[in-house]
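Asker: Please find one structure pasted underneath; my questions will follow.
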């Protein structure tokens, strides 16, 4: 959602279209295959050329970003039960095995979030904006303004707000069920 908002606001996004929109993400993934090679620490020329543009880097790959560049990170927080439900439905649709019990998956996600938040807080190359997914759907105007402030560009916040599609907020947890808190 953040990538779509940034693009709608006028920011150039780097995506190669290799991973096409599907039932799980009907408006697309906004991914760039080059990010998947970050752990190899090979050719990073594409990363230097990405300055001033938006690039989706999943949280598992953030630790592999070189420290000699500065990054403005939008860390999208979503209720963990929603994430797990979405993941389970996606795997089921694809006929893929879950690989872990829901309890194990939850523990793995919590451990991962702790690790990533620690890295983001310790490395000076990261400026982080944490965005609550539910808030972005319910109050996109405020999130659009915060995104504009983070990137420091004159983005069109009205268009960013209109880019949010509440009908894609599926696998909702009950109101009041909180996501894993940032410090856990």
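The values are calculated or read from the model by the stated rules, or taken from the named source; none is laboratory data. Being a predicted model, the structure only gives us computed values, none of them experimental. Virtual Cβ from ideal backbone geometry, glycine too; neighbours counted across all protein chains shown.
Asker: Could you count how many residues in region 1-30 are crowded, with 16+ Cβ neighbours inside 10 Å, more than 25 Å from residue 149 (Cβ to Cβ) and modelled with pLDDT of 85 or more?
Answerer: Of the residues in that region, 0 qualify.
Asker: Another question, if that's okay. For region 96-135, how many residues meet the condition of being more than 17 Å from residue 60 (Cα to Cα) and exposed (fewer than 11 other Cβ atoms within 10 Å of the Cβ)?
Answerer: Residues meeting the conditions: 6.
Asker: Hey, another quick one. Please work out which one of (1) in contact (Cβ under 8 Å) with a residue 60 or more places away in the chain; (2) touching a strand residue (DSSP E or B) at 6+ places or on another chain (Cβ under 7 Å) is the condition residue 5 fails and give its number.
Answerer: Failing condition for residue 5: (2).
Asker: Here's something else I'd like to know. Just give me the residues in region 147-174 being surrounded by fewer than 16 Cβ atoms within 10 Å (Cβ to Cβ), within 18 Å of the chain's Cα centre (by Cα) and at pLDDT 95 or above, in sequence order.
Answerer: Once the filter is applied, which keeps residues that are surrounded by fewer than 16 Cβ atoms within 10 Å (Cβ to Cβ), within 18 Å of the chain's Cα centre (by Cα) and at pLDDT 95 or above, region 147-174 yields only 149.
Asker: Could I ask something else about it? Would you check which residues across region 45-64 are closer than 25 Å to residue 107 by Cα and touching a residue at least 40 places away in the same chain (Cβ under 8 Å) and list them?
Answerer: Matches in region 45-64: 56, 59, 60, 62, 63.
Asker: To continue, here is another question. Go through (1) surrounded by 15 or more Cβ atoms within 10 Å (Cβ to Cβ); (2) under 25 Å from residue 37 (Cα atoms) and name the single condition residue 58 misses.
Answerer: The number of the failed condition is (1).
Asker: Still on this structure, I have one more. Report yes if residue 14 is in contact (Cβ under 8 Å) with a residue 40 or more places away in the chain and under 24 Å from residue 133 (Cα atoms), otherwise no.
Answerer: So residue 14 passes the test.
Asker: Right, next: Can you pull out the residues in region 81-95 that are exposed (fewer than 11 other Cβ atoms within 10 Å of the Cβ) and either in contact with a strand residue (DSSP E or B) (Cβ under 9 Å, 6 or more places away or on another chain) or at pLDDT 80 or above (or both)?
Answerer: none
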